[in-house]
Structure formats: structure tokens, C-alpha cells
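The values are calculated or read from the model by the stated rules, or taken from the named source; none is laboratory data. Keep in mind the model is a prediction, meaning the values are calculated, not measured. Cβ placement follows ideal geometry from the backbone for every residue including glycine, while neighbour counts extend to all protein chains displayed. Protein only, heavy atoms only, side chains kept; ligands, DNA and RNA dropped before computing areas. Shrake-Rupley method; radii C 1.70, N 1.55, O 1.52, S 1.80 Å.
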Amino acid sequence: MGVVGVAVLLGLGIWQVERLQWKTAVIARIDANLSAAPVAIPADPTEQADEYRAVTATGDLPGQEIHVLTTAGDFGAGYRNIAVFETDGRRILADLGFIGLDAKDNVRAASAVTLTGNLLWPDEVDGWTPAPDLAKNVWFARDLPAMAAALNTDPVLLVVRTATPPDPERIPLPLDTSTIPNDHMTYAITWFSLAFVWAVMSAFLITRTLRRKGRA
């Protein structure tokens, strides 16, 4: 039991080290994509080929919006401002950043703008996500297919890093890798520590058993 237990716990620790190496490589690749020189939005972008791709485009914001409930650092509760962005003869979605609760229903006039940021296919919807309140235009996750259908756009989302001219009412929430969990080193240390404790306890039990047999 002692040998099997130690072997299992060491195996789990080694597996977490391998996962750490894999996750570190993934994060490095995402960082490289996020910081790359921006290019034009591909004609037919896909999640597999273009997620996190740095892009830039000039077009118009006609004023159609979706508001996704969120919190942002020191700003507290508010909304992600997801807007229709018309560029190069097509309509896509632009995540223009954070607006406060009191700014939700402000009228934002149509405007020409150059947006620079990264493409994203969010994975935020699960079985616990409430359905959007369409009457109040309040959503609870960035559901890209549903948002695109609601605003009659292509299912493409540009998360804005900078906007020219800037809009003081919208605070960009650019993509970064700080929110990607990477706790594999902690898990590895936990498993290796448990393996050590298991080995010590097994050795103690074996020693105690042998001593009892020696006295018998």
C-alpha cells in the first residue's frame, strides 16, 4: 500500500508538471498573438485560426449596442459595451469596453472610428448562465452567436485595445493572459508533498510493525 500510494501521488505530481509546461506554452503563444503587429481583419476569420489575432480596422459605429453585466477592477459593477461595427462592407461586433451602470441608457450617436484590438470567441456561457433580459437589454455573458443574431452581424468579435478617437465614456478592457488560470505548479507541489507524507507514514508503520514482531 505504501509503494502503490507513493507511486500514484508521484504520478499525479509529474502529470501536473507536464500540464504546467503545456499551459506555459499556451500562454506564451497567446501573449505573442496579443502583442503582434495588428493586421486587417481576415475575410473569413475562424476561432481555430484567428483567435487572439491582433487586428485593426476603420469603420462606423451606428449606435446599436448590447450590454453585458460585469465588474471591472476599481470601477465596480457596470457593463461591457458590445456594439455593431461596420467595416469593409460587413457588420461585426466590437467589445468597446466598460461603461458604468449610470451610462447604460445614454444615447451614443453614430460615429466613425478606427479600432485596434484582438479577435475573440468567448466561452462564457454554461448551464448556469441566465437568459438575457432582452426588454432591458441586459446580458449575463458574451454569447457570441446569440449577440450576432440579435444585432444582425457576423459572429466575429473584436475586443478593443484602443479606439481613435477615444470615447471617454467607454474604458477599453483589452485581452491579456492574467485571467488564464495556471495553478499547475501549486497542484504539483501538493501531490509531491502528499507523496512524501505517505512515504514517511508508510515507513513509520512498517518500522512499528517490525518492532512489534521482534518483541513477540
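Assorted remarks:
- Restricted to the stretch 124-139, and to residues there that are under 18 Å from A94 (Cβ atoms) and surrounded by fewer than 16 Cβ atoms within 10 Å (Cβ to Cβ), the residue that is nearest to the chain's Cα centre (by Cα) is E124.
- Inter-residue pairs, beta-carbon under 9 Å, first of a type in the set (A, V, I, L, M) and in the stretch 93-117, second assigned to a helix (DSSP H, G or I), 6+ apart: L93/L144; L93/M147; L93/A148; L93/L151
- Among the residues of the stretch 52-71, the ones that are of a type outside the set (S, T, Y), open to solvent by 50 Å² or more (accessible area, probe 1.4 Å) and over 16 Å from R90 (Cα atoms) come to 2 in all.
- Of everything in the stretch 140-170 that is closer than 17 Å to T70 by Cβ and either in contact with a helix residue (DSSP H, G or I) (Cβ under 7 Å, 6 or more places away or on another chain) or acidic (D, E) (or both), the residue that is surrounded by the fewest Cβ atoms within 10 Å (Cβ to Cβ) is E169.
- Just one of the numbered conditions (1) at pLDDT below 95; (2) of a type in the set (A, V, I, L, M, F, W, C); (3) open to solvent by less than 50 Å² (accessible area, probe 1.4 Å); (4) within 15 Å of G59 (Cβ to Cβ) is not true of A110: (3).
- Condition check for I206: in contact (Cβ under 8 Å) with a residue 12 or more places away in the chain, among the hydrophobic types (A, V, I, L, M, F, W, C) and under 30 Å from T116 (Cα atoms): no
- G89 passes every criterion in (1) under 16 Å from E169 (Cα atoms); (2) open to solvent by 40 Å² or more (accessible area, probe 1.4 Å); (3) over 17 Å from the mean Cα position of the chain (by Cα) apart from (1).
- Screening A146 against (1) assigned to a loop (DSSP other than H, G, I, E, B); (2) in contact with a strand residue (DSSP E or B) (Cβ under 9 Å, 6 or more places away or on another chain); (3) among the small types (G, A, S) leaves a single unmet condition, (1).
- Where N118 falls short, out of the listed (1) among the polar types (S, T, N, Q); (2) open to solvent by less than 40 Å² (accessible area, probe 1.4 Å); (3) out of contact with any Phe, Trp or Tyr (no Cβ under 6 Å at 6 or more places or on another chain): (3)
- The listed residues are D167, D126, D176, D154, and the only one of them that is over 30 Å from R108 (Cα atoms) and not in a helix (DSSP H, G or I) turns out to be D126.
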